[in-house]
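Heads up: the structure comes next, in structure tokens.
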Amino acid sequence: MTLTPYEPWQLVSRLQREFDRGFAWLPTVDVAEDGERCIVRADLPGVEQKDIEITADKGVLTLRGVRHFENRGEAKFLRHFTLPENAVADEIRARHVNGVLEVSIPKQPKAEPKRILVEAA
């Protein structure tokens, strides 16, 4: 009689590997902001420019795409970001260089309060 050790987490680990391999991949993203714009940088190693789709709709920036792995097929990714209220959606620009996607989101300058001059009667 051969004894086989019982490993309850082996099945869970196997299912996690299968899920990671076939369904999803979550790229690392950094978000920065200065007075004039917001910048979203996503690390997308191995992702070609043609496999990236960026949309801005109803105050939400969406990054989606597909990463192709040599031995494991492909994995899709999807990230959503809420745009600031003063974002200029028509002027959003994106660049993909050396596996890094950079999305620049310009902001409208804040309206300064108008000072009203009081005249003497």
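All of the numbers you see were taken from the coordinates with simple rules; none came from a lab. It should be emphasised that the depicted structure is a prediction, and the values quoted were computed from it without experimental measurement. Virtual Cβ from ideal backbone geometry, glycine too; neighbours counted across all protein chains shown.
Note down the magnitude of the dipole of the range 49-109 about its Cα centre, charges +1 on Lys and Arg C-beta and -1 on Asp and Glu C-beta and zero elsewhere, to the nearest 20 debye.
160 debye
Where does the longest stretch of the chain lie that holds no GluC sites (Glu not before Pro) found in a DSSP loop with 11 or fewer other Cβ atoms within 10 Å?
1-35
For P(r) over Cα pairs in 5 Å bins from 0, in percent, several values are listed as (1) 2, 9, 13, 15, 16, 14, 11, 8, 5, 4, 2, 1, 0, 0; (2) 2, 9, 16, 15, 12, 10, 8, 7, 5, 4, 4, 3, 2, 2, 1, 1, 0, 0, 0, 0, 0, 0; (3) 2, 11, 24, 26, 22, 11, 3, 0; flag the one computed from this structure.
Derived directly from the coordinates: (2).
How high is the relative contact order of the range 49-109? Use alpha-carbon pairs under 8 Å, at least six apart in sequence, and give a whole percent.
Here the relative contact order equals 24 percent.
Using DSSP loop states and a limit of at most 10 other Cβ atoms within 10 Å to flag trypsin sites (Lys or Arg not before Pro), what is the longest stretch of the chain containing no flagged site?
Longest gap between qualifying sites, sites excluded: 1-57.
For the charge dipole of the range 49-109, defined by +1 on Lys and Arg C-beta atoms and -1 on Asp and Glu C-beta atoms about the Cα centroid, which residue among F69, A89, L101 has the Cα displaced farthest towards the positive pole?
With unit charges placed on the Cβ atoms, the residue in question is F69.
Roughly how tilted is helix 8-22, in degrees to the nearest 10 and between 0 and 90, from the longest Cα axis of the chain?
Between the helix axis and the principal axis of the chain, the angle is about 50 degrees.
Taking the Cα centre of the chain as origin, work out the dipole magnitude from +1 charges on Lys and Arg Cβ and -1 charges on Asp and Glu Cβ, in debye rounded to 20.
The dipole of the chain has a size of about 160 debye.
Among the lysines, which have Cα under 29 Å from the Cα of K107 when same-chain residues fewer than 8 positions away are ignored?
K50, K58
For the range 49-109, what is the convex hull volume of its Cα atoms per residue in Å³?
84 Å³
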